Amino acid sequence: MRFIRWSAIIAVLIVMLLLQFTINQQQRNSLRQKEQEKIALMDQLIQQQHLIEDLRQYEQLNRRLAAKQLQQEKAAAQQHNAMQREYHHAIKTSPCAAQPVPDSVINLLRAASAQRTAAAASS
């Protein structure tokens, strides 16, 4: 009887050790898998951080370009207004501006324009 008890106890201990070993292996495998997932997520995070940095740089560049374009548009508008004022002043003070353009000049201008259009179409 004592032999059976000792063998039963040893068998239970062996089974418990095997179970503990199996559980330990499963936990190690799970831990390795979680570490691999963590590495993959960290790689994704790094890529996303690089994308965010690039987008911020592009946003700053776009803002600078938009400001530069706005300045150029303002300068062009100011230049247009100045030229418009000069033109109006010139036609007010010039007696030639009050006279109609002769028909022969208009015909010459139309012919020159038609020749340029035909030359552009043929090339």
inquiry  = What does the C-alpha gyration tensor say about the overall shape of region 60-123? Classify as rounded when a/c is under 1.5, otherwise prolate if a/b is larger than b/c, or oblate.
reply    = oblate
ask   = Given R₀ = 41 Å, FRET efficiency for ALA90-ARG56 by Cβ-Cβ distance, to 0.05?
value = 0.20
MRE, 222 nm, helices only [DSSP H, n ≥ 4, -39500 (n - 2.57), over the chain, to nearest 500] = -34500 deg cm²/dmol
query = Roughly how many Å is it from the Cα centre of region 61-80 to that of region 1-40, as a whole number?
reply = 74 Å
key: Label point distance in nm, ASN29-VAL15, each placed 7 Å from Cα along Cα→Cβ   = 2.2 nm
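FYI, it's all coordinate maths here, none of it is from the lab. Here the structure is a predicted model, which is why all the values come from computation and not from measurement. Please note: Cβ atoms are built from the backbone with ideal geometry, for glycine as well, and neighbour counts cover all protein chains shown.
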